[in-house]
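Worksheet: the structure to be examined is printed underneath.
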Amino acid sequence: MDIWEKMYQMAKKQYHPEEISPFIYAHNVVCALEAENGEIYTGFCIESCSGVMNLCAERVAALNMYINSGQSKIKRLIAFRNEAPSGGGSGMPCGACREFFYQLNEENENMEIMLDYKNRETVTLKELMPNWWGKERYEKSGKNM
């Protein structure tokens, strides 16, 4: 079993869409990520009637990683609904998640994001966000270089 299969299987366990209340729906998008040290963390989306309170599966997985280990570097990420990413835009993190990953650690620009699970096609965060606006701030801070 390769690392992508392991991550897919761990995320898939989180997939069971459910209505938590008349206002909140969860588990309809799931994610697994591999941290720098090889540990795998999962997350699921939590959506509410008020969009500002929504949490994407990708950010929940990253927060689980940070809360439980203090790590901020991500090596690999897979996210999906009812089936593995199959190309195109399926499985792609939203703009807010992409921004969060960059702000969490500049080196996350090298993380692999699964595009097509069957063909093991990936893309990096840097490819999705060339010329990211925050590079200068990282340079000035001396962090994550």
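The values are calculated or read from the model by the stated rules, or taken from the named source; none is laboratory data. Note that the structure is a prediction, hence the values are computed from the model and not measured. For neighbour counting, all protein chains shown are included, and Cβ atoms are generated from backbone atoms with ideal geometry for every residue, glycine included.
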How do the pairs read when you match residues in the stretch 114-138 that are at pLDDT 95 or above and surrounded by 13 or more Cβ atoms within 10 Å (Cβ to Cβ) with residues anywhere that are in a loop (DSSP other than H, G, I, E, B) and aliphatic (A, V, I, L, M), using Cβ under 8 Å and keeping only pairs 6 or more apart or on different chains? M114/A84; L115/M92; Y117/A84; T124/M111; L125/M111; L128/M92
Every residue from the stretch 48-74 that is among the aromatic types (F, W, Y) and either without any contact (Cβ under 8 Å) to a residue 24 or more places away in the chain or touching a strand residue (DSSP E or B) at 6+ places or on another chain (Cβ under 6 Å) (or both): none
Is it the case that the stretch 113-124 has a residue that's part of a helix (DSSP H, G or I) and more than 15 Å from A11 (Cβ to Cβ)? no
Within the stretch 100-116, of all residues that are more than 11 Å from the chain's Cα centre (by Cα) and of a type in the set (D, E), the one farthest from I74 (Cα to Cα) is D116
Does E99 satisfy the condition of being touching a helix residue (DSSP H, G or I) at 6+ places or on another chain (Cβ under 7 Å), under 30 Å from E136 (Cα atoms) and not in a loop (DSSP other than H, G, I, E, B)? no
Among the residues of the stretch 1-39, how many are under 21 Å from S69 (Cβ atoms), surrounded by 19 or more Cβ atoms within 10 Å (Cβ to Cβ) and touching a helix residue (DSSP H, G or I) at 6+ places or on another chain (Cβ under 7 Å)? 6
For the stretch 56-74, name all the residues that are surrounded by fewer than 19 Cβ atoms within 10 Å (Cβ to Cβ) and in contact with a Gly (Cβ under 8 Å, 6 or more places away or on another chain). L63, N64
May I ask you to list the residues in the stretch 10-56 that are hydrophobic (A, V, I, L, M, F, W, C) and more than 22 Å from G95 (Cβ to Cβ)? M10, I20, F23, I24, A35, I40
If we ask which residues in the stretch 85-110 are surrounded by fewer than 20 Cβ atoms within 10 Å (Cβ to Cβ) and either touching a residue at least 40 places away in the same chain (Cβ under 8 Å) or among the basic types (K, R) (or both), their number turns out to be 4
Taking the stretch 45-76 and keeping only residues that are part of a loop (DSSP other than H, G, I, E, B) and under 10 Å from the mean Cα position of the chain (by Cα), one is left with C56
